Amino acid sequence: MALNQFAQSVRPIGDLLSPFSNLTENERRMVLWHLRDLIWQSKPIDTDVELAIQDSALKPTLTPCVLLLTHRLVIGLPKVINLPDDELKKGYILLLHIFKRAYLRRFEDEKRFPGKWWYADLSDHEFVKSLLNGEGYS
């Protein structure tokens, strides 16, 4: 839910970066693979990369940015996930912003249709509380 809240600009990126930094290298890579899956589910387009770099304030010359600017997402995403450990945080920031771009495009199309909590208004504290309490969503 935190990723979706970040994508909706309800949660700051720092809320995601702090826990990520406390993970082991292997756990960070697992998070990145999961984020990659969420990115694919959100149907990214190649132009999302340039916009995500701008949104993230990362320098386009950083390794994760260069990899995704020079390779299509299908090739570049695994390359970013397999970077050395000291590059993973930058890769995570970039992937979060790519997810946000792709997610927001889907959000605009899907928010009118009930049944998908991840496209609901996650700034509604009562709604989020009901989800976290297992009360379901229909």
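The values are calculated or read from the model by the stated rules, or taken from the named source; none is laboratory data. Treat the numbers as computed from the prediction; the structure is a model and nothing was measured. Cβ coordinates were reconstructed from backbone atoms using ideal geometry, including for glycine residues, and neighbour counts include every protein chain displayed. In case anyone asks, the SASA skips ligands and DNA or RNA and just uses the protein heavy atoms, side chains included. Shrake-Rupley method; radii C 1.70, N 1.55, O 1.52, S 1.80 Å.
Could you pull out the residue among ARG28, ARG72, ARG112, ARG106 that is among the basic types (Lys, Arg), modelled with pLDDT under 80 and over 18 Å from ARG11 (Cα atoms)?
Only one candidate qualifies: ARG112.
Go over the candidates GLU110, GLU126 one by one and state the one that is free of Cβ contacts under 8 Å to residues at least 40 places away in the same chain, of a type in the set (Asp, Glu) and open to solvent by less than 50 Å² (accessible area, probe 1.4 Å). Don't jump to the end; show me each part of the working.
Values: GLU126 fails: open to solvent by less than 50 Å² (accessible area, probe 1.4 Å).
Going through GLU110, GLU126 in turn, just one is free of Cβ contacts under 8 Å to residues at least 40 places away in the same chain, of a type in the set (Asp, Glu) and open to solvent by less than 50 Å² (accessible area, probe 1.4 Å): GLU110.
Every residue, every condition in (1) over 19 Å from ARG105 (Cα atoms); (2) modelled with pLDDT of 95 or more, yes or no:
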{"site": "ARG11", "(1), (2)": "no, no"}
{"site": "LEU16", "(1), (2)": "yes, yes"}
{"site": "ASP55", "(1), (2)": "no, yes"}
{"site": "PRO60", "(1), (2)": "yes, yes"}
{"site": "PRO64", "(1), (2)": "yes, yes"}
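Give me the residue from region 28-38 that is open to solvent by less than 80 Å² (accessible area, probe 1.4 Å) and touching a helix residue (DSSP H, G or I) at 6+ places or on another chain (Cβ under 8 Å) and, out of that set, farthest from ASN82 (Cα to Cα).
Within region 28-38, the first condition is being open to solvent by less than 80 Å² (accessible area, probe 1.4 Å), and the residues that meet it are 28-29, 31-32, 35-38.
The next check asks that each one be touching a helix residue (DSSP H, G or I) at 6+ places or on another chain (Cβ under 8 Å); those that pass are 28-29, 31-32, 35-36, 38.
Details: ARG28: 11, ARG29: 8, VAL31: 12, LEU32: 10, LEU35: 14, ARG36: 12, LEU38: 17 Å.
Selected residue: LEU38.
Just one of LYS59, LYS90 is out of contact with any strand residue (DSSP E or B) (no Cβ under 6 Å at 6 or more places or on another chain) and touching a residue at least 24 places away in the same chain (Cβ under 8 Å); which is it?
LYS90
Looking at (1) farther than 19 Å from ALA2 by Cα; (2) open to solvent by 40 Å² or more (accessible area, probe 1.4 Å); (3) not small (Gly, Ala, Ser), find the lone condition where LEU104 falls short.
Of everything listed in (1) farther than 19 Å from ALA2 by Cα; (2) open to solvent by 40 Å² or more (accessible area, probe 1.4 Å); (3) not small (Gly, Ala, Ser), LEU104 misses just condition (1).
Keeping to region 64-80, report how many residues are touching a residue at least 40 places away in the same chain (Cβ under 8 Å) and surrounded by 22 or more Cβ atoms within 10 Å (Cβ to Cβ). Give the derivation first.
To start, the set of residues in region 64-80 that are touching a residue at least 40 places away in the same chain (Cβ under 8 Å) comprises 77-78, 80.
From what's left, surrounded by 22 or more Cβ atoms within 10 Å (Cβ to Cβ): 77, 80.
Result for region 64-80: 2.
Which of the numbered conditions does GLY14 fail, given that it passes all the others? Conditions: (1) open to solvent by 80 Å² or more (accessible area, probe 1.4 Å); (2) free of Cβ contacts under 8 Å to residues at least 12 places away in the same chain.
(1)
Given (1) closer than 21 Å to ASP37 by Cβ; (2) hydroxyl-bearing (Ser, Thr, Tyr); (3) out of contact with any helix residue (DSSP H, G or I) (no Cβ under 8 Å at 6 or more places or on another chain), identify the lone condition not met by TYR92.
Among (1) closer than 21 Å to ASP37 by Cβ; (2) hydroxyl-bearing (Ser, Thr, Tyr); (3) out of contact with any helix residue (DSSP H, G or I) (no Cβ under 8 Å at 6 or more places or on another chain), TYR92 violates only (3).
Report, by residue number, each residue of region 39-51 that is surrounded by fewer than 18 Cβ atoms within 10 Å (Cβ to Cβ) and modelled with pLDDT of 90 or more. Full working, then the answer.
So in region 39-51, the residues surrounded by fewer than 18 Cβ atoms within 10 Å (Cβ to Cβ) come out as 40-41, 43, 45-47, 50-51.
Answer for region 39-51, where residues must be surrounded by fewer than 18 Cβ atoms within 10 Å (Cβ to Cβ) and modelled with pLDDT of 90 or more: TRP40, GLN41, LYS43, ILE45, THR47, GLU50, LEU51.
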